[in-house]
1. Given springs between every Cα pair under 10 Å in a Gaussian network model of the chain, which of E67, E91, E163 has the largest fluctuation?
2. Among the DSSP beta bridges whose two residues both lie in the stretch 184-273, what percent are antiparallel, rounded to the nearest 5?
3. Tilt of helix 242-254 relative to the longest C-alpha principal axis of the chain, in degrees (0 to 90, nearest 10)?
4. Report the charge-dipole magnitude of the chain in Debye, nearest 20, computed about the Cα centre from +1 at each Lys and Arg Cβ and -1 at each Asp and Glu Cβ.
5. Enumerate by residue number the chymotrypsin sites (Phe, Trp or Tyr not before Pro) in the stretch 1-106 meeting two conditions: DSSP loop (anything except H, G, I, E, B), and at most 12 other Cβ atoms within 10 Å of the site's Cβ.
6. Near the amide H of I125, under 5 Å away, which other amide H atoms are found, from residues 5 or more places off or on another chain, if H is placed in the peptide plane?
7. If amide H atoms are built 1.01 Å from N in the plane of the peptide, which residues on other chains or at least 5 residues away come under 5 Å of the amide H of T57?
8. Could you derive backbone 3J(HN,Hα) for the stretch 19-33 from the dihedral phi with the Karplus parameters 6.51, -1.76 and 1.60 (θ = phi - 60°), listing whole Hz in sequence and x where the residue is Gly or Pro?
Amino acid sequence: MYTTDFSKLKRDLQTKVEGLKEYFSKRVVIVAYSGGVDSSVVAELAHRFAQRAIAVTADSPTVLPGEIQEAVKLARSRNWEHRVITINEIEEKNFRKNPPNRCYYCKKFLSKELHEIASEVGADIIVEGTNFTEVKGHRPGLRALKENQIFSPLLENSLTKTETRELAHFLGLANADKPSLACLSSRFPYGVEITLEKLQRVGKAERYIIDNYNIRTIRVRDHEGLARIEVAPEERIKLLEPKIFDDLHETLKSFGFSYVAVDCLGYRTGALNES
């Protein structure tokens, strides 16, 4: 079915792909597929190399509006076996309290659902998309993955973020240049309770700005009703007009925010940890 000539890749990346081929060979695989570049590469390789692969996408209040539809669209275009399940992490009280290890409870919650599907189909392994670059910094979710036997083939085969994007382009994945996303729960300072209403107003705000102002990288941080808009530094110029400020103020207030501000520095990882 697949005739891709991986020998055209750089030698080091070619070797890593051969390792992934062996990793998936003869296995029945469940792939936690979010629609991002990393999990898309894992899903594509699993569908190429495994005995059977099922990509599973979790639809939840923490997902940016529109992302599930994009994930479904890509899966269909690649003819993957794909399921969408509905979960609600807010049901987990420890997640709802939003501690610094919030991601631990989120991944633990999702792991239960993935294991149920794995048991149903007789899967040999459950995998997800963490790459080698992402192991730095504060990553409590990785601990939950390890405890719940969810494996990370890109990490285990030392694929960096740059190599993963290169491979996504090589494989012809439509989302190869897609910016990295994080779940909407990361928009709130630690210790601030996460509610459905707060997630919805953040999600609506980000979707509105992406769609109306051609913004690729954005976070709307929610400081108890104050919206702090972060966009990529090179994209800040797209918002710097009085009429846009007026529109953002009026629109985001209609979503439930009391105040609206644009962060002068722009988007950077770990911005909520700075204080």
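1. In this elastic network of the chain, the residue with the biggest mean-square fluctuation among E67, E91, E163 is E91.
2. 60 percent
3. Taking the Cα atoms of the chain, the angle to 242-254 is about 80 degrees.
4. On the way: 41 positive and 39 negative charges, 73 e Å.
Here the chain has a charge dipole of around 360 debye.
5. The qualifying sites are Y2.
6. Sorted by chain and number, the residues that satisfy this are V28, I30.
7. Amide H to amide H, under 5 Å and 5 or more residues apart or across chains, T57 pairs with Y33, R83, V84, I85.
8. With the stated coefficients, the stretch 19-33 comes to x, 5, 4, 5, 4, 8, 3, 6, 9, 9, 10, 9, 10, 6, 10 Hz.
Where a number appears in this text, it was derived from the coordinates with a stated rule and is not lab data. What you see is a predicted model, and the numbers here were worked out from it, not measured in a lab. Cβ coordinates were reconstructed from backbone atoms using ideal geometry, including for glycine residues, and neighbour counts include every protein chain displayed.
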